[in-house]
Amino acid sequence: MHELSIAMRVVETLTEDLAGESGSVTVVRLRVGALSGVVPDALRFAWDVACRETRMEGSSLDIDEVAARIWCDSCEREQTVPGAFRMLCPICGEPGSRVVAGRELEILSVEMATDGQA
Amino acid sequence: MVKPRLIEVRKDILKHNDDLAQELRARFRAAGVYVANFVSSPGTGKTELLIQTIKRLSERFSIGTLVGDVETENDAIRLRETGVPAYQIQTHHLCHLESAHIDKALGEAGEYFDVDSLDLLIIENVGNLVCTAAYDLGEDLQVVMVSTTEGEDKPLKYPNIFDRSDVCIISKMDLAEVVDFDQEQMRRSIDAIKPGMPVFELSAMTGLGMDAWIDDMSARIEAKKGLHV
């Protein structure tokens with residue numbers, strides 16, 4: 001997808017949200033699901049570029065990657081499915097009736113250091 | 001050493017888009033406007049399909065269109081030849097439309113057409129099957145289009161957009177024989193990604209299969225009009 005655009009949006013959102021906080025941002029934690037359309041490695045690559053000349057410059061990106069999970073009506077339980085392709089239950093092969101996890105694309109938290117200490 | 005501060009954010013990155021999309025959805029519902037978003041690869045035939053669709057629906061319904069392209073006004077110019085208002089959104093660099101584009105366009109197009117008075121608002125998205133999947137525009141219907149020339153495995157290559165769309169149109173059926181299009185295989189591909197998805201096989205140019213598509217759209221538009229107080 002367009003990970004640079006996503007990274008820039010994260011930087012924009014945080015710059016606004018942290019306006020009232022002092023200090024520098026050392027770590028930004030994101031949650032990226034397997035079905036979100038965003039590739040974590042591409043996002044990491046884009047992060048440094050997106051942060052340039054912003055308050056996030058120098059911060060590191062920590063990504064919590066979430067696997068796709070479906071609800072299987074046949075097995076009557078949640079199952080984790082590999083990849084982001086066909087949402088078939090790995091046990092019985094039936095298509096899942098709904099996606100339970102994997103669509104996440106969230107900013108979880110940031111770590112901030114007081115100026116002069118980072 | 002002082003511990004670093006942890007600040008919880010817990011914000012969806014696309015939250016702003018989704019919130020605005022919901023606002024648009026509420027506005028469209030209040031006005032009784034049926035909104036359809038058309039996505040496909042570049043060159044599938046969205047504009048031609050929309051021209052023929054508009055020609056057949058505009059006798060019964062009041063229609064307006066928003067068209068997204070990276071550059072040029074070409075598609076809006078073509079759509080306007082049908083006699084309905086078409087407003088071009090040029091993204092200049094962005095590969096997809098977002099709800100902010102729609103909101104801004106409706107404001108700018110305000111002098112040109114009154115969206116709240118429409119029965120049908122058509123949104124022709126930027127030609128892209130990847131990024132368009134993630135951005136809710138406040139629409140009632142998302143139509144994914146694929147043509148007979150693109151390969152029967154297209155849905156398998158782009159599962160996300162097919163899964164998130166409501167109906168599928170297979171276009172350029174007039175070329176089916178020439179390109180040895182395998183209808184059964186295409187249906188199987190679609191079924192593997194979204195079982196039971198309604199599929200319309202048609203040719204905008206020859207009119208083949210257009211009746212079923214027009215009937216379906218008419219019913220949807222009428223249903224939404226009926227809800228409008």
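The values are calculated or read from the model by the stated rules, or taken from the named source; none is laboratory data. Note that the structure is predicted; figures quoted are calculated from it, not measured. Note: ideal-geometry Cβ built from the backbone for every residue, glycine included; neighbour counts use all protein chains shown. In case anyone asks, the SASA skips ligands and DNA or RNA and just uses the protein heavy atoms, side chains included. Shrake-Rupley method; radii C 1.70, N 1.55, O 1.52, S 1.80 Å.
Take each residue in A:101-110, count the other chain C-beta atoms within 10 Å of its C-beta, and the mean is 4. Pairs from the table (B:Lys104/B:Lys154; B:Lys172/B:Lys194; B:Lys11/B:Lys104; B:Lys55/B:Lys157) lying more than 31 angstrom apart at Cα are B:Lys104/B:Lys154; B:Lys55/B:Lys157. When the charge dipole of the protein assembly as shown is built from unit charges on Cβ atoms (+1 for Lys and Arg, -1 for Asp and Glu) and taken about the Cα centre, the candidate among A:Leu88, B:Ala223, A:Ala50 whose Cα reaches farthest toward its positive end is A:Leu88.
In this structure the amide hydrogen of B:Val9, modeled in the peptide plane, comes within under 5 Å of the amide hydrogens of A:Ser109, A:Val110, none closer than 5 places in sequence on its chain. Considering only beta bridges that DSSP places wholly inside the protein assembly as shown, some 40 percent are antiparallel. Can you compute log10 of I(q)/I(0) for the protein assembly as shown with the Debye formula, treating each Cα as one identical point scatterer, at q = 0.09, 0.12 Å⁻¹? Scattering profile of the protein assembly as shown, log10 relative to I(0): -0.57, -0.95.
Note on A:2-14: average number of Cβ atoms from other chains within 10 Å of each residue's Cβ is 3.
If R0 is 51 Å, the Cβ-Cβ spacing of A:Thr54 and B:Lys157 corresponds to a FRET efficiency of close to 0.90. Which whole-number percent of Cα pairs in the stretch A:28-93 have a distance greater than 18 Å? Above the 18 Å cut-off, the stretch A:28-93 has 50 percent of its Cα pairs.
Structure remark: mean-square fluctuation, Gaussian network model of chain B, C-alpha springs under 10 Å; the largest value among B:Gly151, B:Gly196, B:Gly64 belongs to B:Gly196. Amide H contacts for B:Leu66 (H built 1.01 Å from N in the peptide plane; partners 5 or more residues away or on another chain; cut-off under 5 Å): B:Tyr87, B:Ile122, B:Ile123, B:Glu124.
Comparing each chain alone with all protein chains together (probe 1.4 Å, DNA, RNA and ligands left out), the residues of the stretch B:8-22 losing at least 10 Å² of accessible area are B:Glu8, B:Val9, B:Arg10, B:Lys11, B:Asp12, B:Ile13, B:Leu14.
How big is the charge dipole of chain A about its Cα centre, in debye rounded to the nearest 20, if each Lys and Arg gets +1 on its Cβ and each Asp and Glu gets -1 on its Cβ?
The calculation lands at about 420 debye.
Per-residue Karplus couplings for the stretch A:102-107, computed as 6.51 cos²θ - 1.76 cosθ + 1.60 with θ equal to phi - 60°, are listed in order as x, 9, 5, 8, 10, 8 Hz, Gly and Pro entered as x. If you take all other residues with their beta carbon under 12 Å from the beta carbon of B:Ala30, and give Lys and Arg +1 and Asp and Glu -1, the sum is +2.
Remark: chain B is approximated by an ellipsoid whose semi-axes, taken from the C-alpha gyration tensor as √(5λ), come to 30, 24, 17 Å, largest first.
For the stretch B:104-163, the residue among B:Gly151, B:Ala133, B:Phe113 whose Cα projects farthest onto the positive side of the dipole built from Cβ charges is B:Gly151.
Going by the alpha-carbon gyration tensor, a ≥ b ≥ c the square roots of its eigenvalues, is the stretch B:14-82 rounded (a/c under 1.5) or, if a/c is not under 1.5, prolate (a/b greater than b/c) versus oblate? The shape class here is oblate.
Provide the net charge surrounding B:Thr47, with neighbours chosen by a C-beta distance below 11 Å and charges set as Lys +1, Arg +1, Asp -1, Glu -1. Computed value for this residue: -3. Amide H contacts under 5 Å for A:Val66: A:Val32, A:Gly33, A:Ala34, restricted to partners 5 or more places along the chain or on a different chain, H placed in the peptide plane at 1.01 Å from N.
Each peptide in A:100-109, B:4-13, A:68-77 receives the mean, over its residues, of other Cβ atoms within 10 Å, and ordering these scores from highest gives A:100-109, A:68-77, B:4-13.
Each residue of the stretch B:152-162 was assigned a 3J(HN,Hα) from its phi angle through the Karplus curve 6.51 cos²θ - 1.76 cosθ + 1.60 (θ = phi - 60°); the sequence is 6, 9, 3, x, 6, 7, 10, x, 4, 5, 5 Hz, with glycine and proline shown as x. Sorted from longest to shortest, the spans of the Cα atoms of the stretch B:111-229 along the three principal axes equal 48, 32, 29 Å. The 3J(HN,Hα) values that the Karplus relation (6.51, -1.76, 1.60; θ = phi - 60°) gives for the stretch B:173-190 are, in residue order, 5, 5, 9, 3, 5, 4, 9, 6, 5, 9, 4, 4, 5, 5, 4, 5, 4, 4 Hz. Gly and Pro appear as x. Per residue, the accessible area of chain A comes to 51 Å², computed with a 1.4 Å probe over protein heavy atoms only.
How much of the accessible area of the stretch A:19-94, probe 1.4 Å, is carbon plus sulfur, in whole percent?
About 49 percent, which is the carbon plus sulfur part of the accessible surface.
The fraction of accessible area contributed by carbon and sulfur in chain B is 50 percent, rounded to a whole number (1.4 Å probe; ligands and nucleic acids excluded).
With both labels modelled 7 Å from their Cα along Cα-to-Cβ, the B:Leu175 to B:Asp114 distance reads 4.2 nm.
Chain A packed on chain B takes about 2500 Å² of accessible surface away from a 1.4 Å probe, both sides summed.
Just the C-alpha atoms of chain A: what Rg/Rh do they give, with Rh taken as the Kirkwood radius? Looking at chain A, the ratio lands at 1.12. Placing +1 on each Lys and Arg Cβ and -1 on each Asp and Glu Cβ, with no other charges, gives the protein assembly as shown a dipole about its Cα centre of roughly 500 debye.
Centroid-to-centroid, using Cα positions, the stretch B:29-103 and the stretch B:161-229 are 18 Å apart.
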